[in-house]
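I have placed the structure first, in the form of structure tokens, so that the comments after it can refer back to it.
The values are calculated or read from the model by the stated rules, or taken from the named source; none is laboratory data. Predicted model only: the values in this text are computed from it and were never measured. All Cβ positions, glycine included, derive from the backbone under ideal geometry; neighbour counts span all protein chains shown.
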Amino acid sequence: MSQALYDVPVTSIEGTPQTLKQFQGKVLLVVNVASKCGLTPQYEGLEKLYEDKRGDGLEVLGFPANNFKGQEPGSDEEIQTFCTSTYDVKFPLFSKISVVGADQHPLYHTLTATQPDATGEGPFRERLKGYGIEPNAVPDVLWNFEKFLVSRDGRVVGRFSPDVTADDPRLVAAIEAELAR
């Protein structure tokens, strides 16, 4: 499993085909992101986390997805411009993908199959229902800004609900534990 994660084909937001192999040996926080979501301000915290922990071996990887109420409608170029001009994002961004459904990207198939349950799950699911949105069933990604934590050897070791922010003690503790290994 661990090697398989590094072999999944992805495309940088600039359009370069690659794999996650370049991040092997790092702790990864994989996040499905969106520019027009109520959670979009999380970009700021994710960038701060990246800046604070990058030197220790953390990489934050952003995967734009338009699966939830059309909240990521832009092109890769528009997304990149928005992220850099609005939130000064420097962590790696990738080409827009699908994180749920029949066209789910293989990366997200692997992540959700390996780690079906999310820490912090519950309150956000109920909030979605309150807005009249029927949440996806487990193990599917619930919404934008769900976070997957990957160990240095490519194991998916954590998953965090969309409303668990980058400074949430549960997420920070999990990241620090992986960085210390």
All conditions in (1) surrounded by fewer than 19 Cβ atoms within 10 Å (Cβ to Cβ); (2) within 22 Å of SER12 (Cα to Cα) are true of ASP167 except (2)
Flagged pairs (Cβ under 9 angstrom, 6 or more apart or on separate chains; first in the range 77-104, within 25 Å of ASP140 (Cα to Cα); second part of a helix (DSSP H, G or I) and among the small types (Gly, Ala, Ser)) are none
Would you call LEU61 modelled with pLDDT under 95 and among the aliphatic types (A, V, I, L, M)? no
Leading residue by the ranking (surrounded by the most Cβ atoms within 10 Å (Cβ to Cβ)) among those in the range 1-23 that are touching a Gly at 6+ places or on another chain (Cβ under 7 Å) and of a type outside the set (Ser, Thr, Tyr): LEU5
Is it fair to say LYS90 is among the basic types (Lys, Arg), assigned to a helix (DSSP H, G or I) and modelled with pLDDT of 95 or more? no
Here are some residues: LYS69, LYS90, LYS53. Which one is in contact with a strand residue (DSSP E or B) (Cβ under 9 Å, 6 or more places away or on another chain) and among the basic types (Lys, Arg)? LYS53
Among (1) in contact (Cβ under 8 Å) with a residue 40 or more places away in the chain; (2) under 15 Å from the mean Cα position of the chain (by Cα), the one test that ASN66 misses: (1)
